[in-house]
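The next block holds one structure in the form of structure tokens; read it before the comments.
Please treat every number below as a calculation from the coordinates, not as lab data. Bear in mind the structure is a predicted one, so any value in this text is a computation, not a measurement. Positions of Cβ are generated from backbone atoms using ideal geometry, with glycine treated the same way; all protein chains shown enter the neighbour counts.
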Amino acid sequence: MLLSFLRSNGRESLTSLSKKTKIPVSTIFDRLRLYEQEVICKHTALLDFSKLGYTAKAKILLKVKKEEREELAKFLKSRKEINSADKINNGYDFILEGIFTNVKGLHQFMEDLEENFKLEEKQIFFIIDELLKENFLCELTASSPKNSGEGI
């Protein structure tokens with residue numbers, strides 16, 4: 001339950017969380033320290049990139065020869081345009097989310113990629129509209145059945 005509240009609003013004060021969950025602040029504090037060591041990977045903010053001038057967003061599927069996968073992974077991690085990158089299966093090696101100022105920026109990124117790697121296959125899907133973002137585990141509230149503290 002505590003993680004769900006944090007997923008909904010990571011800036012909520014411990015006092016507010018304590019009131020909503022009926023869990024003592026000290027317990028919440030201790031649990032958060034444990035979570036930061038075990039399950040919380042990063043504290044971050046979700047941004048509306050279009051309001052910052054990044055108008056092109058795309059999901060990109062890539063397939064390369066097996067011997068190029070490790071080098072491509074390093075390349076992708078070094079590129080500021082890549083918001084997320086995952087190794088996948090079913091005919092492709094990677095799926096990327098790229099954020100670009102415009103379509104020309106995406107085109108330049110793809111040219112850089114093709115200059116450095118022999119892509120066997122690629123597919124680009126432009127994101128038209130986000131329906132949900134970082135929504136998993138956000139639905140619990142203090143009125144949920146696991147309100148007794150056992151879910152913290």
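For the reader, a short list of remarks on this structure follows.
- Extreme residue, positive dipole direction of the stretch 23-152, given options H43, N89, L131 (C-beta unit charges): H43
- Nearest 10 degrees, 0 to 90: helix 69-78 Cα axis against the chain principal axis: 70 degrees
- Helix-only [θ]222 nm of the chain, DSSP H runs n ≥ 4, -39500 (n - 2.57) each, per residue, nearest 500: -10500 deg cm²/dmol
- Of K57/K122; K42/K74; K22/K133; K74/K133; K19/K133, those spanning more than 22 Å from alpha-carbon to alpha-carbon: K22/K133; K74/K133; K19/K133
- By the rule of a C-alpha distance below 15 Å, with chain neighbours fewer than 8 residues away ignored, the aspartates and glutamates paired with K77 are E68, D86, D93, E97, D112.
- Option label - Cα extents along the principal axes in Å computed here, alternatives [x] 54, 40, 37; [y] 42, 36, 31; [z] 57, 35, 24: [z]
- Relative contact order (percent, whole number), the chain, Cα cutoff 8 Å, 6+ residue spacing: 37 percent
- Axis of helix 103-116 versus longest Cα principal axis of the chain: the two differ by about 70°, to the nearest ten degrees.
- Rounded Å value of the spacing that divides the Cα centres of the stretch 63-112 and the stretch 1-56: 29 Å
- Between N83 and S13, the FRET efficiency estimated from the beta carbon spacing at R0 = 30 angstrom works out to 0.55.
- Here the 3J(HN,Hα) profile of the stretch 80-89, calculated from phi with Karplus coefficients 6.51, -1.76 and 1.60 at θ = phi - 60°, is 5, 6, 8, 7, 8, 8, 9, 7, 9, 10 Hz, Gly and Pro shown as x.
- Relative packing of peptides 116-123, 40-47, 3-10 - highest average C-beta neighbours within 10 Å first: 3-10, 116-123, 40-47
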